[in-house]
6 protein chains.
Amino acid sequence: MLSERAKRGKAIRDAAFGRAGLATWEELNEIAPVHANAILEYCFGTIWNRPQLDLKTRELIVIAAGAAQDLPEEVEVHVRGALNRGASREEIVETIVQCAPYIGFPKTNHALRAAKRVLDQWEKREDWKSI
Amino acid sequence: MLSERAKRGKAIRDAAFGRAGLATWEELNEIAPVHANAILEYCFGTIWNRPQLDLKTRELIVIAAGAAQDLPEEVEVHVRGALNRGASREEIVETIVQCAPYIGFPKTNHALRAAKRVLDQWEKREDWKSI
Amino acid sequence: MLSERAKRGKAIRDAAFGRAGLATWEELNEIAPVHANAILEYCFGTIWNRPQLDLKTRELIVIAAGAAQDLPEEVEVHVRGALNRGASREEIVETIVQCAPYIGFPKTNHALRAAKRVLDQWEKREDWKSI
Amino acid sequence: MLSERAKRGKAIRDAAFGRAGLATWEELNEIAPVHANAILEYCFGTIWNRPQLDLKTRELIVIAAGAAQDLPEEVEVHVRGALNRGASREEIVETIVQCAPYIGFPKTNHALRAAKRVLDQWEKREDWKSI
Amino acid sequence: MLSERAKRGKAIRDAAFGRAGLATWEELNEIAPVHANAILEYCFGTIWNRPQLDLKTRELIVIAAGAAQDLPEEVEVHVRGALNRGASREEIVETIVQCAPYIGFPKTNHALRAAKRVLDQWEKREDWKSI
Amino acid sequence: MLSERAKRGKAIRDAAFGRAGLATWEELNEIAPVHANAILEYCFGTIWNRPQLDLKTRELIVIAAGAAQDLPEEVEVHVRGALNRGASREEIVETIVQCAPYIGFPKTNHALRAAKRVLDQWEKREDWKSI
């Protein structure tokens, strides 16, 4: 049974990542419910729910943090989030390009190719859109 | 002698970091002029000079990339840049808070303390303001 | 005003790190209260409060995670935590030695020197003991 | 021809990882015998062979160090080691959950999914058990 | 249309990696032309084009930097570069072995296995040779 | 009492780093003799003692691995080692410059400034020269 904060986090997550985002969370919930709950309650329900920055800017920031740690899967997920939050293709690509001198070219290449995988498929994937 | 692109980069850098930003660059220029030139020509003159994202958003993105790699000095420099580009104290702090679940708490703490060092001194430091 | 979970987290933190642990948290609370609250509520009040592993083993695990990310300040803090949770000097040092082949020697050296700074001072510092 | 220390290390490794652990080592031995020997002699024969910590705790520590560096393959191997050294499913999952606030959620997710891959297969895999 | 410096960089890249190196660059050029241009102009046309170190030594240095950041794909590419610049199998393997105590064994294992994938295929792959 | 291999490692270390290199090792030996012994026996006595690469090239490789992991103290130590093994100022600086596109500019800046600290002092420090 989810707390109010976790329910709110769930709604924020679903609007960001669509149905395709559920599978990973359910896998985590099966092995470590306390962590799956922290994703909803702390990460989405608390941090993503604040008014100081709009959701598009938050997605670009998390893309940068993902690229900087060489996490292309994370970049992929948040490129979908950025598109669902109204970012343009140009803004997303530029976020990664802006990181290049600060993170080095191999990580930049990985993030750009991750972004390309999403952008190339975006029109065809209903399960990536906000729910 | 600087290329046109490097001159443009120099102006972008000086507007972001003020006089205090010069010392590190000069130290790098003394030991590795080719790298110091790449900072001006490639990093500031090419990447920071593009229209796809505004300069404030770029600063927030670079703060995120710095926090994610545990580079508090880099965070410090770009908090100054963000302030010079019109970011509010709240937007800067929120950028780091947004990274917390994605980078872990120790790196978050380092970045927040770096931001605090700048924010606490901002009013008193003329050499941090745009030139 | 702290939630019940945050109060519980505060008690766990104070028993682990003593009075010396408060200053950093207060600095974080001044700049980013939402993050300072997550430290108490999520990190200490939720994760550290579970029965699946004893507190000494948790401290050793966090020392390993700190050493692996080259965070000597974090190692220092959790060496104090480990001592307050009943770990012996030998167990703490061995935790870092065990990491050496997996994290490389420079990070190992940093963690061992951080541990040494605590172990050399332990008897003299009342503010590091559980409160 | 292995030294006494390397032979001892080989026995420790085989008890930890079973027959499935041999293939990677043999691949390394083919390309870099000096490194393959260091794995047996220094890593397993020297470090893992000390009395200051029991083997189960060592496995949990190495899982934490692997998760903290985003090395899910390494986590997978040492989850098998932890099971062979008597750790419960709960202790293994909790080790990763304990790392979450210190390493961030993406690395935590990778480690938990790696652990799940082993735990889901454990009963079916004879080649993962101690030899 | 490429600048003179970018053309020179292209030639250096093609001599290092052969036809197989083109596909990744073209993918990057499709999504982020400014970054693809920086690869040619700044990375290959400026840095790789300097006389202070020979090309073989540069390849070994980049293999070390790739291994140290756990980038096995990058290691793979530059092992091909090192072979095309006259490095022996022994020098390449030794470069990674030399890194082992400084980067830890898991990253070393990944880099050695990446090197092995190239060395095992070298004689059979015409598209990896200099053009 | 040191093994033959550890004695050989000690001689290699002293020729690389001079008297100034001893203090850190002694500090490590006080807290973790097994690790201090591995430094001599495995790292210097085994790896650094092999004929496949000359000692100057090994120092450049370790500088690259240190820069790539943002370990400026490690860079500092091995710049001294490189100078003692006959590397020129230009070769050392170029090693770091070569890493820049692969590791990003902040880490490059840290490594260049670390190198500068050594190069600026080299003539004045007798305790940095080979013993």
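The values are calculated or read from the model by the stated rules, or taken from the named source; none is laboratory data. None of these values were measured; they are calculated from a predicted model. Here Cβ is always computed from backbone atoms with ideal geometry, including for glycine, and neighbour counts include all displayed protein chains. With ligands, DNA and RNA removed, areas are computed over all heavy atoms of the protein, side chains included. Shrake-Rupley method; radii C 1.70, N 1.55, O 1.52, S 1.80 Å.
In terms of the Cα gyration tensor, with a ≥ b ≥ c the square roots of its eigenvalues, is region A:69-115 rounded because a/c is under 1.5, prolate because a/b exceeds b/c, or oblate? It is oblate, given that a/c is not under 1.5 and a/b is not larger than b/c. Pairs exceeding 24 Å between alpha-carbon atoms, taken from E:7/F:56; E:56/E:107; A:56/B:56: E:7/F:56.
Roughly how crowded by other chains is peptide A:112-122, in terms of the mean Cβ count from those chains within 10 Å of each of its Cβ atoms? Intermediate results must be reported in sequence, preceding the final value.
Numbers: counts 7, 5, 0, 2, 5, 1, 0, 1, 2, 0, 0.
Rounded to a whole number, the mean comes out at 2.
Computed over region C:14-64, the convex hull of the alpha-carbon atoms projects to a mean area of 3.8 nm². With angles folded into 0 to 90 degrees, how steeply does helix D:89-103 sit against the dominant principal axis of chain D? Use alpha carbons for both and round to 10. Orientation of helix D:89-103: about 80 degrees from the principal axis. Measuring from each Cβ of chain B to the axis carrying B onto C, the nearest residue and its distance in whole Å come out as B:70, 5.
With a 1.4 Å probe and all protein chains kept in place, how do C:120, A:127 rank by accessible area, largest first? Spell out each step's value before the answer.
On the way: C:120 75, A:127 40 Å².
So the residues, ranked largest to smallest area, are C:120, A:127.
Sorted shortest first, the distances from the residue E:26 label point to those of the same residue in the other copies are 4.0, 4.0, 4.9, 6.3, 6.4 nm; each point sits 7 Å from Cα along Cα-to-Cβ. Measuring r between the beta carbons of residue F:1 and residue B:23 and using R0 = 51 Å, the FRET efficiency lands at 0.50.
For chain B, the direction-averaged projected area of the alpha-carbon convex hull comes to 8.0 nm². Taking the centroid of alpha carbons for each part, region E:73-113 and region A:73-131 are 31 Å apart.
Taking θ as phi - 60° and the Karplus parameters 6.51, -1.76 and 1.60, the scalar couplings of region B:10-18 work out to 4, 5, 5, 4, 5, 5, 7, 10, x Hz in sequence order, x denoting glycine and proline.
For the protein assembly as shown, report the accessible area per residue in Å² (1.4 Å probe, heavy atoms, rounded to an integer).
Details: 27900 Å² over 786 residues.
On a per-residue basis, the protein assembly as shown sits at 36 Å².
Distance from the C-alpha centroid of region D:48-68 to that of region E:1-22: 47 Å, rounded to the whole angstrom. Association of chains A and E removes close to 1400 square angstrom of accessible area from solvent, both sides included, for a probe radius of 1.4 Å. What is the angle, in °, between the Cα long axis of helix E:55-68 and the longest principal axis of the Cα atoms in chain E? Nearest 10 is fine, range 0 to 90. With rounding to tens, the tilt is 70 degrees. Peptide C:39-49 shows a mean partner chain C-beta count of 4 within 10 Å per residue C-beta. Each copy carries a label point for residue C:51 at 7 Å from Cα toward Cβ; from one copy, the others' points are 3.4, 4.3, 6.5, 6.5, 7.5 nm away, ordered from shortest. Size check on the protein assembly as shown: the Cα extents along the three principal axes, sorted descending, read 65, 65, 54 Å.
How high is the relative contact order of region F:58-131? Use alpha-carbon pairs under 8 Å, at least six apart in sequence, and give a whole percent. Before the final figure, lay out the partial values.
Numbers: 73 pairs, mean separation 27.9, N = 74.
Over region F:58-131, the number comes to 38 percent.
Among the trypsin sites (Lys or Arg not before Pro) in region C:59-126, those placed in a DSSP loop whose Cβ has at most 15 other Cβ atoms within 10 Å are C:125. Along the axis of the charge dipole computed for region F:1-77 (Cβ charges of +1 for Lys and Arg, -1 for Asp and Glu, origin at the Cα centre), the listed residues F:38, F:49, F:65 are led at the positive end by F:49.
Each other copy holds its own label point for residue D:122; taking that point as 7 Å from Cα along Cα to Cβ, the gaps run 3.3, 4.4, 4.4, 5.2, 5.6 nm, nearest first. Shown in residue order for region D:114-131 are the 3J(HN,Hα) couplings computed by the Karplus curve 6.51 cos²θ - 1.76 cosθ + 1.60 at θ = phi - 60°: 5, 4, 4, 4, 6, 4, 5, 9, 3, 5, 8, 10, 5, 6, 8, 7, 2, 10 Hz (x for Gly and Pro). Name the most mobile residue of B:29, B:37, B:84, meaning the one with the largest mean-square fluctuation, in a Gaussian network model of chain B with Cα contacts below 10 Å. Answer for the Gaussian network model of chain B: B:29. Computed in the context of the full set of protein chains, the accessible area of region D:15-131 at 1.4 Å probe radius has 47% of its extent on carbon or sulfur.
Compute, for the protein assembly as shown, the length of the dipole vector about the Cα centre, with Cβ point charges of +1 (Lys, Arg) and -1 (Asp, Glu) only. Units Debye, rounded to 20. Could you put the intermediate results ahead of the total?
Numbers: 114 positive and 114 negative charges, 0 e Å.
The dipole magnitude comes to about 0 debye.
Using Cα pairs closer than 8 Å and at least 6 residues apart in sequence, work out the relative contact order for chain E, in percent. Intermediate results must be reported in sequence, preceding the final value.
Details: 163 pairs, mean separation 43.1, N = 131.
Relative contact order, chain E: 33 percent.
For peptide F:26-35, how many partner chain Cβ atoms fall within 10 Å of a residue's Cβ, on average?
Values: counts 0, 4, 6, 0, 3, 12, 12, 2, 8, 10.
So the per-residue partner count for this stretch is 6.
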